[in-house]
Structures are given as structure tokens and as C-alpha cells.
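Presented below is the structure to which this report refers.
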Amino acid sequence: MTGSTVTRAQLAEAVYEQVGLSRNESAQLVETVLEIVAGALEQGQPVKISSFGTFAVRQKGRRIGRNPKTGIEVPILPRKVLVFRPSQVLKARVNGQTVPAEDEA
Amino acid sequence: MTRSELIAELARRNPHLMQRDVEAIITTVFDEIVAALAQGNRVELRGFGAFSVKKRDARTGRNPRTGVAVEVSEKVVPFFKAGKDLRERLNQGGGRVAQPASAGR
């Protein structure tokens, strides 16, 4: 099971198996979950999922960048970027450890 | 937005579902992502973003308070990169995207 990429299809399949709704509805629900999260972020609202992590929008100021190929200076306009901070639980899990469910987002 | 607010919003949009099932959907989606990352797999959700893991080499760190050198062993960290659609959505709402001439502030 290593080396495979998980996509919406696998998430939908997991929901189908765990919850017992139709495959079609499971897929729609996965989409809705992502859409709700994206919608909150679009409004600048952070999304904190306990034992998973926090998504937050950060405002970046204007700065001067440089085209690395040509060396020409170009202004980088103020913009918003999305940052994800993994929870302690997630950090532990990717290192093969388990953390007592200390649910800080 | 917290996990429980996400559950509430998903329930609001799907009034035919039982609360128990709505909770199971949210749990399943995030657990599935965590499980994939724990196996070193990548999770790619087009338009939303991609979760992956990155290896960090062992290094000699320092306790910032005491200045004492400590060995930090090799570890794996979770990483998220926002998808193109989501990045664009973050930057259209707030207004201040492309105004080349008006050198802001």
C-alpha cells in the first residue's frame, strides 16, 4: 500500500465503507466537506480540525522579487497565502508514534 | 471554524443525514488523510491542495533558552500545499490582487 496517492476517490470510498451511504452520495459529501473548509478560508477564517491541524490564511506584504532566470526585478503584490500547521497528533503519526489523544488543533 | 462547526455546517447542508453519520463522515475524511500520510503516501485533492510528508535530516539543535546543544534526530514532517483554485479563491475575495500602478502604502 505504499507509494500510492490518495485522492477524492479513496476518501469517498472510505466514507462509503465507514458510513454506509451510497458511493455517489459519499463522493458528494467529501466534496462538500472540502468546499466548506475552502469557503471558510476564502473568508479569511482559520479552520481548526482537532487532532489533524489548523489551516490559516496569512496576508503577505508587497515585496520586490526577481526572476531567477533573467535577473529582472518584479514587484510581488500583496497576497494571501494558506498555511497549514499540523497537530501534535499528526506529527507523531507520520513518525510512527502515537500520542495520547491530547486534542490540540 | 472548528471541527464541530464543520460538522454543524455539513449537517445543515444535509438535513436528511443523522448527526452520528455526519460526525463519522468528518472523522473518516481526516482519519483517512492521516493514515495515508502515516504510511508515507501523498494525498492529492485537486483544486484544494496536496498533503505530503517531507523528511528532515538529523541536526544539532540548540535549546533556545539555555543554549545547550542537543541532537535532533531525523524526522518526518507533514506538509500541505494549497491547490491552484484555492490559492486563487483566497486572493479574489479580499480585492487587493492585481493593481500594478497603485503602489499600495
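The values are calculated or read from the model by the stated rules, or taken from the named source; none is laboratory data. Model, not experiment: these values are computed from the prediction. Using ideal geometry, Cβ is built from the backbone for each residue, glycine included, and neighbour counts are taken over all protein chains shown. All accessible areas refer to the heavy atoms of the entire protein, side chains included, with ligands and DNA or RNA removed. Shrake-Rupley method; radii C 1.70, N 1.55, O 1.52, S 1.80 Å.
Things to note:
- Single match in B:Arg59, B:Arg46, B:Arg12, B:Arg20 (criterion: at the interface with chain A (Cβ under 8 Å from one of its Cβ atoms), more than 13 Å from the chain's Cα centre (by Cα) and basic (Lys, Arg)): B:Arg46
Residues are listed down the side, and each one gets a yes or a no for (1) of a type in the set (Gly, Ala, Ser); (2) under 20 Å from A:Leu11 (Cβ atoms); (3) not in a strand (DSSP E or B):
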residue	(1), (2), (3)
B:Arg20	no, yes, yes
B:Glu23	no, yes, yes
B:Val43	no, yes, no
B:Phe51	no, yes, no
B:Glu71	no, no, no
B:Glu88	no, no, yes
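- Test set (1) within 19 Å of B:Asp21 (Cα to Cα); (2) hydroxyl-bearing (Ser, Thr, Tyr); (3) not in a helix (DSSP H, G or I) - A:Thr54 fails condition number: (1)
- Subset of the stretch A:4-27 (residues that are exposed (fewer than 14 other Cβ atoms within 10 Å of the Cβ), out of contact with any Lys or Arg (no Cβ under 8 Å at 6 or more places or on another chain) and under 24 Å from B:Ala82 (Cβ atoms)): A:Ser4, A:Ala9
- Residue list for the stretch B:23-41, filter: without any contact (Cβ under 8 Å) to a residue 24 or more places away in the chain, over 18 Å from B:Arg3 (Cα atoms) and buried (at least 19 other Cβ atoms within 10 Å of the Cβ): B:Ala36, B:Ala38, B:Asn41
- The residue that is farthest from the other protein chains (Cβ to nearest Cβ), among those in the stretch A:16-33 that are within 22 Å of B:Met1 (Cα to Cα) and touching a residue at least 12 places away in the same chain (Cβ under 8 Å), is A:Glu31.
- Selection within the stretch A:47-76 - more than 27 Å from A:Glu35 (Cβ to Cβ) and out of contact with any Gly (no Cβ under 8 Å at 6 or more places or on another chain): A:Gly61, A:Arg63, A:Ile64, A:Gly65, A:Arg66, A:Asn67, A:Pro68, A:Lys69, A:Thr70, A:Gly71, A:Ile72
- The stretch A:51-79, subset modelled with pLDDT of 95 or more and within 7 Å of another protein chain (Cβ to nearest Cβ), residue nearest to B:Gln92 (Cα to Cα): A:Val57
- Taken over the stretch A:47-68, the criterion of being within 25 Å of A:Lys91 (Cβ to Cβ) and open to solvent by less than 60 Å² (accessible area, probe 1.4 Å) is satisfied by A:Val47, A:Ile49, A:Ser50, A:Ser51, A:Phe52, A:Gly53, A:Thr54, A:Phe55, A:Ala56, A:Val57.
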